[in-house]
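Nothing in this text is a laboratory measurement; each read-out follows from the coordinates by a stated rule. Not measured: the values here are computed from a predicted model. All Cβ positions, even for glycine, are placed from backbone atoms using ideal geometry, and neighbour counts span all protein chains on display.
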Amino acid sequence: MRKFMVVLDDSKECLNAMRFAAMRAHNTGGGVLILSIIPPDEFNHWIGVSDIMRAEARERIEAHFEVFAKWMRDKQGIDPELVIREGEAVDEIFAQVSEDPEIGVLVLGAAADKKGPGPLVMAMTKSAGGLPLPYTIVPGNLTKEQLEAVT
């Protein structure tokens, strides 16, 4: 089964990327893998404190994931998979793709402001030739109706 991998973060544009991935998966008989990456600099504290912070980060990610997962199950009939990795975002995306041959498309959300599409989209486009699969960049300002029309 082909999976649409989407990156879960705290950006507003993440919502449209999630919607797009779930709608495409539903319409094509695919699946959704939601990848969340904890940056390494989040845990540069004493060992005991960093362990607590890591556990709290995972709890936040799992709670955030459950919101998207419920919508995907209820509205699209898709049961997404969650993968949490720790490290630099681009490196972890490449690692996940190399470890899971079912991933067929990377879906990223692009910010709709004048500052640019966002740091992850910028970093991934610089590495575009190195990833052995297509990217779909979903504008953060598309409406639900526009997303339905393109999926």
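Of note:
- What you get for the chain, charging only the Cβ of Lys and Arg (+1) and of Asp and Glu (-1), is a dipole of about 620 debye around the Cα centre.
- Pairs of Lys residues in region 3-150 that lie 8 or more places apart, or on two chains, and have C-alpha atoms under 28 angstrom apart add up to 17.
- Within region 3-150, percent of DSSP bridges classed antiparallel, to nearest 5: 0
- Burial ranking of peptide ranges 23-36, 62-75, 79-92 (average Cβ count within 10 Å, highest at the top): 23-36, 79-92, 62-75
- Cβ-defined net charge surrounding LYS3, 15 Å radius [Lys, Arg +1; Asp, Glu -1]: -3
- Normalised by the number of residues in the chain, the mean separation of alpha-carbon contacts (under 8 Å, six or more apart) gives a relative contact order of 34 percent.
- Calculated diffusion of region 56-100, Stokes-Einstein form, Kirkwood radius summed over Cα pairs, 20 °C and 1.002 mPa s, µm²/s: 180
- Note on THR143 and ASP91: their simple-model spin labels are 4.4 nm apart, each label 7 Å out from Cα toward Cβ.
- Values of log10 I(q)/I(0), in the order q = 0.10, 0.13, 0.16, 0.22 Å⁻¹, for the chain under a Debye, Cα-only, solvent-free model: -0.34, -0.58, -0.88, -1.52
- Least to most buried among THR125, THR143, THR151 (fewest other Cβ within 10 Å first): THR143, THR125, THR151
- Full-stretch length increase - MET1, LYS126 - with 0.36 nm per residue and alpha-carbon distance subtracted: 42.2 nm
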